[in-house]
Amino acid sequence: MTSHVTAPATALADQLPGWVSLLRAPNPGPMTLDGTNTWVLRQPGQSLGVLVDPGPAHAGHLDRIAAAGPYAAVLLTHGHPDHVEAVPALAGRVDAPVHHAVADGTPLHVGGLTVTALATPGHTGDSVCFLVAGPAGQRVMLTGDTILGRGTTVVAWPDGDLGDYLTSLRRLAAYDGVPALPGHGPALVDCAAAARFYLAHRQARLDQVRQVVAAGVTDPAAVVAEVYADVDRALWPAAEWSVRAQLAYLQRSDPQ
């Protein structure tokens, strides 16, 4: 049986590039781990930075974001409230355009950095990762909730789609040696290694679900009880989203 993953998918990044800063929101929980990661990117010598995922509308967090400005742009990896709730509250404090659901392959030249959007649907339909080219050839990948710093993410069915998610992970598996800056949890040293780990884990979970369905268990809640028995019951509602996504995927890929 595949165990529930609570450890990082690959080695942690011991040190962030000097032009990357983390402002972690004070909203820890089972789904948000230590809290939502708000990332600030600032090219050396540039006054304007880039803000990624402002997070929840927490007064103290908003103050820290404003103090770390000014910004050339605000980027959003996806539309879940724990990543975007702060956007309206920041409108009067941060004078920067907000970029949400940026088209795949779109290069944004902001604050002296080149940011390329990679459409990575799966966790949600609108999930995007951002490949950022910084100074001295350094690159980082902002992964939102597509790849987390610890554990594995939820495919938020019905908006999320497992087939899309597997395709997105295969795409991210091409970025060997590029650090991953996730939406929750610590930074990872290698985006590609994390993506490959996630792919293996998802395939193992799918095999488990196939076995359970073949044994006649098809109700999503019952599948959760069988396949995710090692998971804290507080997470079972979220696990059911993933199970529903898995069942929909299997109905398409394993026709009877």
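Cα axis of helix 236-253 to longest principal axis of the chain: angle in degrees, 0 to 90, nearest 10? So the helix axis and the longest Cα principal axis differ by about 70 degrees. Calculated [222 nm] ellipticity per residue, helices only, for the chain: -9500 deg cm²/dmol; basis is -39500 (n - 2.57) per DSSP H run with n ≥ 4, divided by all residues, nearest 500. Placing dummy labels 7 Å off each Cα toward the beta-carbon, the span from Asp104 to Ala67 is 4.1 nm.
Stretched out fully, how many nm does the piece from Ala136 to Asp232 gain, at 0.36 nm a residue minus the Cα gap? Mind showing how you got there, number by number?
On the way: separation 96, 0.36 × 96 = 34.56 nm, distance 4.39 nm.
30.2 nm is the gain from fully extending Ala136 to Asp232.
A full extension of the chain between Gln251 and Asp207 corresponds to an added length of 14.5 nm, given 0.36 nm per residue minus the alpha carbon distance. Residue separation of Ser21 and Arg171 scaled by 0.36 nm, minus their Cα-Cα distance, works out to 51.4 nm of gained length.
Sorted by packing (mean other beta-carbon atoms within 10 Å per residue), highest first, where do 176-189, 18-31, 236-249 land? Please report the intermediate quantities before stating the final value.
Details: 176-189: 22.1, 18-31: 16.3, 236-249: 19.9.
Answer by packing, highest mean first, reads 176-189, 236-249, 18-31.
For segment 1-142, what is one quarter of the convex hull surface built on the Cα atoms, given in nm²?
For segment 1-142, the mean projected area of the Cα convex hull comes to 9.4 nm².
Give me the base-10 log of I(q)/I(0) for segment 147-256 at each q in 0.10, 0.15 Å⁻¹, Debye formula, one uniform scatterer per Cα, rounded to two decimals. Those come out to -0.30, -0.66, one per q. With K and R counted +1 and D and E -1, the other residues having a Cβ less than 14 Å from that of Leu48 yield a net charge of 0.
Solvent-accessible area of Asp82, all protein chains in place: 40 Å² (probe radius 1.4 Å, heavy atoms, ligands and nucleic acids excluded).
Could you state the number of Å between the C-alpha centres of segment 20-66 and segment 186-253? What the calculation gives is 30 Å, centre to centre.
The values are calculated or read from the model by the stated rules, or taken from the named source; none is laboratory data. Since the structure is predicted, the reported quantities are computational estimates derived from the model, not experimental observations. Don't worry about glycine lacking a Cβ; one is built from the backbone with ideal geometry, like all the others, and counts go over all protein chains shown. Side chains included, ligands, DNA and RNA excluded: accessible areas come from the protein's heavy atoms. Shrake-Rupley method; radii C 1.70, N 1.55, O 1.52, S 1.80 Å.
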